[in-house]
Structures are given as C-alpha cells and as structure tokens.
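None of the figures in this text is laboratory data; all of them are computed from the coordinates on show. Model, not experiment: these values are computed from the prediction. Cβ sites come from the backbone with ideal geometry, for glycine too, and all protein chains shown count toward neighbours.
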Amino acid sequence: MKIQAIKGMNDIVAPESRLWQMVESKAREVCRNWGYEEVRTPIVESTALFHRGVGEGTDIVEKEMYTFEDRNGDSLSLRPEGTAGVVRACVEHGWTIQNSILKLFYIGAMYRHEKPQKGRYRQFHQFGIELFGPTSSRADAEVIALGWEFLKQVGVKGLELRMSTLASESCRKPYLQKLTKILKDNIERVPQDFRPRIETNPLRIFDHKSEEAKALAAELPRLMDSLDEESAQHFEGVKRHLTDMGIPFVIDPNVVRGLDYYVHTAFEYVSSELGRTQNAVGGGGRYDGLVELMGGRPTPAVGFGIGLERVLMLLSEKSEVVRPDLFVAIPESENAEVQQKSEEFGFKLAVKVRSEGHYVEVDLDGRSMKGQMKRAVKLNSRFVLIVGENEVQSGKVVLKDMDNQSQVEVPMSQILDILSEKL
Ligand code: HAM
C-alpha cells in the first residue's frame with residue numbers, strides 16, 4: 001500500500017515553492033526595515049501552554065489541537081498558533097523587561113485539526129509579529145501598518161482592513177454578563193452548536209456564520225456602544241494613527257477574534273477574493289494580560305498572524321522560471337583520456353562559475369551531444385559551453401549564445417574571463 005501525506009497537509013514544490021521564497025523574503029525584508037528580529041520557537045509545546053495561552057473555551061483548544069502523549073507520558077501539542085509559544089519564551093528567558101520594547105517576528109508551520117477545504121488546512125504557515133512593551137495606541141497602529149505593508153508589497157488582491165475594539169477587561173466584563181443573560185433568555189434563537197459557548201465565549205455569536213445567528217446578532221447590544229473612556233480613547237488613537245499613515249480601514253463590530261487573549265484593538269485583513277466564510281488573510285490584536293497569565297511581569301503586547309497559504313492564493317503574479325546562465329555540455333568520447341580531461345575541465349569550470357554567483361547546469365546523465373543540447377534548450381539556458389573531444393584536443397572550447405544562435409571558439413585558458421564579461 002502506498003503511504004500518502006496526511007489529509008490537509010501539503011507538499012510544496014516548484015513553481016509554487018518559488019513564490020513561497022519570494023513571500024517569505026518579503027516578510028523578512030519588511031521586518032528588517034521596521035526593526036523586528038526573528039524568533040524561532042519549537043513546534044511542539046506542553047499542552048498546558050495552549051490551554052492557558054489560547055483559552056479553554058476556544059474552538060482551537062477544544063476541537064482542533066493535535067495533542068499526544070510522549071514516551072514519558074507528558075501531554076504535548078503541535079502549536080496551533082504562534083503567540084503562546086513566543087510569550088512562553090519571553091517569560092522563560094526574561095526577555096520582556098518592564099519599560100523596554102521587544103519586537104519579534106516568526107515564520108513557521110502551525111497545526112489545527114479543522115475540516116480541510118480551499119484556504120483551510122491542517123498544516124498551514126503563519127508569518128506573525130509580536131510587539132511587547134508599549135501601551136500606546138501607536139503600537140497597535142504600527143503592528144497593523146506592518147502587516148498591511150507586507151500584504152501590499154507582496155501583491156495581495158482585494159485587500160481590506162477590518163477593525164473593532166474588544167475594550168479593556170473591566171469595561172468588557174459587565175457587557176459580557178449582559179450579553180450572556182440575553183442569549184440565555186433567547187436560547188431558542190441561539191444556534192444549537194453555539195449554546196455551549198454562551199458561558200465561555202459569548203462574543204463569538206457575532207462571527208457565527210449561520211443566518212439565524214446573524215439575525216440574532218443584529219439585534220444584540222454592541223460592546224462598541226458601551227465603551228468606557230479609556231477604551232474609547234485607545235480606539236480613537238489607533239484610528240487616528242492609521243489615518244495619519246494613510247491606511248484605510250473599516251470599523252466592523254463583528255471582528256471578535258477566535259482566541260481568548262485579546263483586549264482593546266482586534267483586527268483582520270480580509271480579501272473579497274477569498275470567498276465569504278474563509279476570507280481572513282490574517283488577524284491580530286492587543287493582548288495586554290497574556291504575559292502575566294503565563295507567569296511573567298505584566299507586559300502589554302500586540303501582534304498579528306498572517307496565513308501564508310491564503311497570501312499565496314491571492315497573488316496576482318506567477319513565479320518566473322529561473323533560466324541557467326550556462327549549460328556545460330560534455331559529450332561522451334571513445335577516448336577515455338580525452339573524456340576524463342573534458343570532464344575535469346567542465347566540472348571544475350562549472351563549480352568556479354557557480355561560486356561567482358551564476359546558475360550553471362552540467363549534464364549528469366552522460367547523454368549524447370544531441371540530448372544535451374535538447375536539455376539546454378528546454379531549460380532555456382542563456383549560453384552553452386561545449387567541452388567535447390575536438391575542443392579538448394585543440395585547447396579551444398565552443399561557447400554558444402542561445403539567444404542569437406551565434407558561437408565563438410575560446411581558448412580554454414580564457415573562458416573564465418570571457419564568461420565573466422558576458423554573464
Ligand atoms: P488566527 O486568526 O487564529 O490568529 O490566525 C491567523 C491567520 O492564520 C488567519 O487569518 C488565517 O489566514 C491563517 N489560518 C488560521 N487557520 C488556518 C488554517 N486552518 N488553514 C490555513 N490558514 C489558517 C492567530 O493565530 C493569532 N496568534 C494571531 C496573533 C498574533 N494575535 C496576536 N499576535
């Protein structure tokens with residue numbers, strides 16, 4: 001029986017892997033320019049980390065984690081997102097020191113046992129940033145702007161920024177009590193699958209996809225209409241800074257996010273091109289309480305995670321095929337000594353030209369001259385260098401310009417100079 005990849009986990013190969021490289025290097029470049037340093041945390045963590053960090057009542061923790069016992073009997077989980085692990089590392093190593101700023105980014109695989117479909121996988125990749133330290137709304141705006149800039153630069157189509165506030169905890173608490181009561185009083189209108197969430201995560205009624213939930217949500221009081229002064233001011237600040245930076249946004253009270261740790265700003269980058277239900281390219285927000293919840297000193301924080309599979313789906317450009325600068329053709333010779341000489345010359349030259357930063361192909365199959373030329377044409381090589389019997393014996397190799405079909409004979413000793421002139 002053939003062994004197959006796990007459902008919802010994909011192999012990535014060229015030409016798509018070229019686009020991945022482009023997207024990842026753009027993420028790194030943007031982070032460099034905004035002063036974010038890379039952090040790499042393990043893919044496997046203690047299950048308890050996500051229970052505490054992501055939240056017991058979330059879909060991710062309740063239904064979607066890959067959890068297993070290792071050989072010591074410890075409960076471990078594949079990370080379903082990046083924030084909890086980064087916060088764990090910060091607390092463990094004492095990276096977040098009061099009154100200082102720490103700016104981190106990561107790119108890596110995440111795992112959620114969801115129902116696979118277009119844009120939703122069980123192994124997917126996130127580019128995320130986490131900013132620790134500042135309480136100011138400037139920080140929220142910077143984080144949002146960085147993600148926006150990345151998505152723009154990479155060429156994502158149909159992009160829109162949607163934003164809401166989840167308010168401070170003290171402001172949200174009485175609202176949540178009121179919301180829970182209303183939902184309980186109208187239980188017959190609450191979708192069956194949402195009923196267990198009423199106590200644990202009532203806000204998520206606002207992003208429930210069913211029509212009955214949407215109709216109910218339209219009648220419910222909004223958190224945004226009962227903000228205290230601090231929450232309202234913070235949100236105003238974020239809006240103002242984004243406007244100053246020229247970043248367009250839409251206020252959307254339905255952005256409530258699927259993770260427990262958020263306060264104040266919550267946002268999503270969406271694209272109409274992704275369809276109606278699976279339209280978030282990325283999301284994030286402020287999570288001031290999480291570092292302390294993980295055992296660290298109280299440290300405000302804000303960040304985002306962007307799904308790279310979804311970014312790839314939205315790119316308008318396709319990857320360019322890279323063409324070799326040079327194809328070294330070494331046709332077979334009946335004379336073993338000559339054959340050895342051409343191979344020695346050809347391979348040595350290829351290594352040298354590559355070390356100077358050029359893409360060089362060498363025939364690895366010992367094909368006929370015709371076969372090698374065919375391959376050079378297929379690869380669309382810029383030049384072909386023929387190192388055959390005649391060439392080795394005369395001390396001159398043939399350099400073919402494949403774009404204009406001209407060719408020159410070059411003394412073997414001068415080929416490197418000629419090539420560096422031409423390439
Ligand atoms: P999230 O909204 O759960 O947030 O995920 C962020 C993004 O990851 C989504 O918008 C989506 O593009 C992508 N994503 C999520 N699940 C899947 C999936 N099954 N298949 C493909 N793509 C997926 C977080 O993970 C937070 N840690 C973000 C954050 C960082 N908040 C603060 N800092």
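A few remarks follow.
- Note, ³J(HN,Hα) from phi for region 46-59, Karplus 6.51, -1.76, 1.60, rounded to Hz, x at Gly and Pro: 4, 4, 4, 4, 6, 4, 7, x, 8, x, 4, x, 8, 4
- Dividing the helix sum by the residues of the chain, where each DSSP H run of 4 or more adds -39500 (n - 2.57), gives a mean residue ellipticity at 222 nm of -11000 deg cm²/dmol.
- Loop-located GluC sites (Glu not before Pro) across region 288-329 with a Cβ neighbour count of 15 or fewer within 10 Å are GLU317, GLU320, with loop assigned by DSSP.
- Rg then Dmax, both in Å and based on the Cα atoms of the chain: 28.7, 96.
- Hydrodynamic radius of region 107-163 per Kirkwood, over alpha carbon pairs, in Å: 13.7
- q = 0.21, 0.23, 0.24, 0.32 Å⁻¹, region 1-49: log10 I(q)/I(0) [Debye, one scatterer per Cα]: -0.96, -0.97, -0.97, -1.07
- Couplings for region 155-170, taken from phi via the Karplus curve 6.51 cos²θ - 1.76 cosθ + 1.60 with θ = phi - 60°, read x, 6, 8, x, 6, 9, 9, 10, 9, 8, 10, 9, 6, 6, 4, 5 Hz in order; Gly and Pro are left as x.
- Among the trypsin sites (Lys or Arg not before Pro) in region 20-82, those placed in a DSSP loop whose Cβ has at most 16 other Cβ atoms within 10 Å are ARG40, ARG71.
- Kirkwood hydrodynamic radius (C-alpha pairs) into Stokes-Einstein, region 364-405, 20 °C and 1.002 mPa s, D in µm²/s: 194
- Charge dipole of region 342-423 about the Cα centre (unit charges at C-beta), most positive-ward option of VAL397, SER420, ALA376: ALA376
- Rounded to the nearest 20 debye, dipole of the chain from Cβ charges on Lys, Arg, Asp, Glu: 740
- Of all aspartates and glutamates in the structure, those lying under 20 Å Cα to Cα from LYS184, and not within fewer than 8 positions of it along the same chain, are ASP193, GLU199, ASP207, GLU211, GLU212, GLU219.
- Exposure proxy order (Cβ contacts within 10 Å, fewest to most) of VAL321, VAL190: VAL321, VAL190
- Only Cα sites of region 266-354 enter the Debye sum here, all with the same form factor; the resulting log10 I(q)/I(0) across q = 0.15, 0.17 1/Å is -0.76, -0.86, listed in q order.
- Cα-derived Rg to Rh of region 165-204, Kirkwood definition: 1.00
- All lysines inside 21 Å of LYS118 as judged from Cα atoms, apart from same-chain residues fewer than 8 positions distant: LYS7, LYS63, LYS157, LYS209, LYS318
- Its Cα gyration tensor gives region 200-249 an equivalent ellipsoid. The semi-axes, each the square root of 5 times an eigenvalue, are 28, 15, 9 Å from largest down.
- Computed over region 233-291, the quotient of the alpha carbon radius of gyration and 2.2 N^0.38 Å is 1.22.
- Backbone phi angles across region 409-416, fed through the Karplus curve with coefficients 6.51, -1.76 and 1.60 (θ = phi - 60°), yield HN-Hα couplings of 9, 10, x, 3, 6, 9, 4, 4 Hz in residue order; Gly and Pro are listed as x.
- Note that region 168-285 carries a Kirkwood radius of 15.5 Å, evaluated over its alpha carbons pair by pair.
- At 0.692 mPa s and 37 °C, Stokes D of region 7-88 from Kirkwood alpha-carbon radius, µm² per second: 217
- Cα-derived Rg over Rh, computed across region 106-226 with Rh taken as Kirkwood radius: 1.02
- For region 163-241 versus region 276-341, the gap between their alpha-carbon centres in whole angstrom: 36
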